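Asks: Just dropping this structure here.
Where a number appears in this text, it was derived from the coordinates with a stated rule and is not lab data. What you see is a predicted model; the values in this text were computed from it and never measured. Cβ coordinates were reconstructed from backbone atoms using ideal geometry, including for glycine residues, and neighbour counts include every protein chain displayed.
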Amino acid sequence: MKLDAHWMPFTANKAFKANPRMLASASGMYWTSGEGARILDMTAGLWCSNLGHGRESVARAMYEASVNLDYAPSFGFGHDASFTLAERLAALAPGDLNHVFFTNSGSESVDTALKMAIAYQSARGLGSKRMFISRERAYHGVNMGGTTVGGITTNTRTFGRWAPVDHLHSTLDIERNAFSKGLPDFGADRAEELEQLILLHGAENIAGVIVEPIAGAGGVIIPPKGYLKRLREICDAHDVLLILDEVVCGFGRTGSFTAGIEFDILPDLFTVAKGLTSGTVPMGAVFCRSGIHDTIMASAEGIEFFHGYTYSAHPIACAAAHACLDIYEEEGLFTRVNEGIGKYFEHVLHNLKDLPEIIDIRNYGLLGAIEFADQGSEAPVGVRVFQEAWKQGVMLRGLGNIVVMSPPLVAEESHIDEFAEKIWRSIRTVTEEQRMTA
Ligand SMILES: Cc1ncc(COP(=O)(O)O)c(C=O)c1O
C-alpha cells in the first residue's frame, strides 16, 4: 500500500512510513495489528476509548441515527437527541453547570470555552478582560486558542501566541514527590504564583485561568493536594473565571464523572470530548454555569453567541453519546476505578519501581506514568519502551522520557497483569540495549 499521500498528524511521518504500525481491527481490550498480532490497549486509543472497543449497542445506535436522520443543520434547527443529551449531561455535572454547547473535538471545546469566557466578560461590560493564564506543559488541543494557551513548547514554538497569555509553572516536582501514589504531598504552594500573575497583568485584563486537573499529554502530572482548590480561591478573589479542561479526565478516568467532582472543585466552565462517545465518533462539549450562560443570553437580541460548527450536535454523535452514557451508567463505569481496579493498577505500576533508569512512577485513577532518567539521547527511553512494548503486544504512549498509560475503564486485573509482564520485559530489553551500547 502507498503511504505517501496521507500526511499523518503528530507523527514522525518519515519514520512511520519506513516502519508502519498499522491497526486492522479492535474488540474489547485488544487491537489486532495489520500483521495479525493481538495488542493490549493500555491507552484507550488516545485517552478516549473508555468503554473498550466494538460496543454493539453504540454501533447500532449510530447506524439507526444515520438511517433516520443522517444530518441536521445545527444553526437555527434542532433535533430531539441533542436536547435530551444536553439535559442528561447537565444532570451529571455539579452545581449550576447546567448548559452544554456541543463541538466535535477537544480542541474545539477548548477554543469554544475561551471564546465563551471572553463573550461573558464582554457581556457584563468588562471587555478588557481578554487574557488567559494557563500552565507549562499543558495540552489544550491544536486550534489557535488551544495552541496559544498550550504549554508544551514543541507545539507552540513554530506558531507563536495569538492572544495574550501567561503560564503558571508545572506542578511536577520529582525531587519532592517521586513515586507518589495518588495526589502528591508537596506543591500546593505553587498555586500562589497565580496571585502574582494576576497582580502582574491586572485582574481587569484577565478573562480566565485554564488548567487540566491532571495534565495528560504533558506526562500525567497529578496536582498536589490542595493545589486546585487554591487556584479556585484565587480566581474567586480576583473575579477571574476558572476553566477545567476535562478532555482526558472526564468520563470516569479519575473515579468520578469529572476530575472537578473527584477533587471537589466547581469550575465556571469545563470541556470534554474523547470519553463522551468513547472515541467512536468525533464529539466534544463545553459545560457552562448558569450565570455565564444567562449573562450572554441577556446581552443581545438575535444570535447571542456568534460561534458554532456545522457538525455541532451531529445526530450520529448524539446517538453514540446517548448509547455510551447508557453503558457508563449500566456498568457503573464513572466510579469503577475507585472500586478496586484503580488500586490494583496503582499496586502493579509501583511494583516496577526497582527496574533500571526509573526516576518516578505516578498515578491517579486509571492514569499512570513512568518517567525515566534523561539520557540526552535522540531516542528517549520512554519512546523506545513504547516501541518495544508494541513488539511485545501492548500499546503504551511514549512522551519523551515518559511512558503513559490510560487503559479503558473496563480493564480487568488480568489485563493489568498482562501489561505488567510486557512492560517489565520491554523496560529490561531497552535498558539492557542501552547498557550494551554505552
Ligand atoms: C486536555 C486536552 N485538551 C484538549 C485536547 C484536544 O482534543 P482533540 O485532539 O480531540 O482536539 C486533548 C487531546 O488529547 C487533551 O488531552
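Asks: Once the Cβ-Cβ distance between Ala379 and Phe75 is put in as r, and R0 is 51 Å, what FRET efficiency do you end up with, to the nearest 0.05?
Replies: 0.60
Asks: What residues have an amide H closer than 5 Å to that of Ala26, excluding those fewer than 5 places away on the same chain, when H is modeled at 1.01 Å from N in the peptide plane?
Replies: Those lying under 5 Å, H to H, from Ala26 are Thr32.
Asks: Treat every Asp and Glu Cβ in the chain as -1 and every Lys and Arg Cβ as +1, leave all other atoms uncharged, and give the resulting dipole magnitude about the Cα centre to the nearest 20 debye.
Replies: In total the dipole reaches around 1020 debye.
Asks: Looking only at Asn401, Asn155, Asn13, which one moves most when the chain is put into a Gaussian network model with springs between Cα atoms under 10 Å?
Replies: Evaluated over the chain, the most mobile residue of the options is Asn13.
Asks: Further question: For the peptides 200-213, 164-177, 59-72, 240-253, what is the packing order when you average, over each peptide's residues, the other Cβ atoms within 10 Å and list the highest mean first?
Replies: 240-253, 200-213, 164-177, 59-72
Asks: Name the residues whose placed amide hydrogens come within less than 5 Å of the amide hydrogen of Tyr364, ignoring near sequence neighbours (fewer than 5 apart) on the same chain.
Replies: Sorted by chain and number, the residues that satisfy this come to none at all.
Asks: Loop only by DSSP, 14 or fewer other Cβ within 10 Å of the Cβ. Give me the trypsin sites (Lys or Arg not before Pro) in region 317-358 that pass, ordered by residue number.
Replies: When the trypsin sites (Lys or Arg not before Pro) of region 317-358 are filtered for loop state and at most 14 Cβ neighbours within 10 Å, Lys353 remain.
Asks: Also, I was wondering about something else. How many angstrom separate the Cα center of region 60-82 from the Cα center of region 338-405?
Replies: So the two Cα centres are separated by 41 Å.
Asks: Considering the convex hull of the alpha carbon atoms of region 185-247, report its projected area averaged over all viewing directions, in nm², one decimal.
Replies: Averaged projected area of region 185-247's Cα convex hull equals 4.4 nm².
Asks: As a footprinting exposure proxy, order Glu412, Glu35 by other Cβ within 10 Å, with the fewest listed first.
Replies: Lowest count first: Glu35, Glu412.
Asks: Also: Using only the Cα atoms of the chain, each taken as one equal point scatterer with no solvent, compute I(q) by the Debye sum, divide by I(0), and report log10 of the ratio at q = 0.10, 0.13, 0.14 Å⁻¹.
Replies: Rounded to two decimals, the profile gives -0.71, -1.21, -1.39.
Asks: Let me know the charge dipole size of region 204-352 about its Cα centre in debye, to the nearest 20, where only the beta-carbon of Lys, Arg (+1) and Asp, Glu (-1) is charged.
Replies: It comes to approximately 500 debye.
Asks: At a Förster radius of 35 Å, what calculated FRET efficiency corresponds to the Cβ-Cβ distance of Ala12 and Lys353, to the nearest 0.05? Intermediate values should be presented prior to the final figure.
Replies: On the way: r = 30 Å, r/R0 = 0.86.
Once rounded, the FRET efficiency stands at 0.70.
Asks: Set the Förster radius R0 to 22 Å, insert the Cβ-Cβ distance between Ser290 and Ala203 as r into 1/(1 + (r/R0)^6), and round the FRET efficiency to 0.05.
Replies: Efficiency, from the Cβ-Cβ distance: 0.45.
Asks: Using θ = phi - 60° and the Karplus curve 6.51 cos²θ - 1.76 cosθ + 1.60, what whole-Hz ³J(HN,Hα) does each residue of region 102-114 get, with Gly and Pro shown as x?
Replies: Residue by residue, region 102-114 yields 8, 10, 10, 5, x, 4, 5, 5, 5, 5, 5, 5, 5 Hz.
Asks: Still on this structure, please answer the following. Enumerate by residue number the GluC sites (Glu not before Pro) in region 292-400 meeting two conditions: DSSP loop (anything except H, G, I, E, B), and at most 16 other Cβ atoms within 10 Å of the site's Cβ.
Replies: Details: sites: Glu301, Glu304, Glu329, Glu330, Glu331, Glu339, Glu346, Glu357, Glu371, Glu378, Glu388; in loops: Glu301, Glu304, Glu331, Glu357, Glu378.
Those satisfying the criteria are Glu301, Glu304, Glu331, Glu378.
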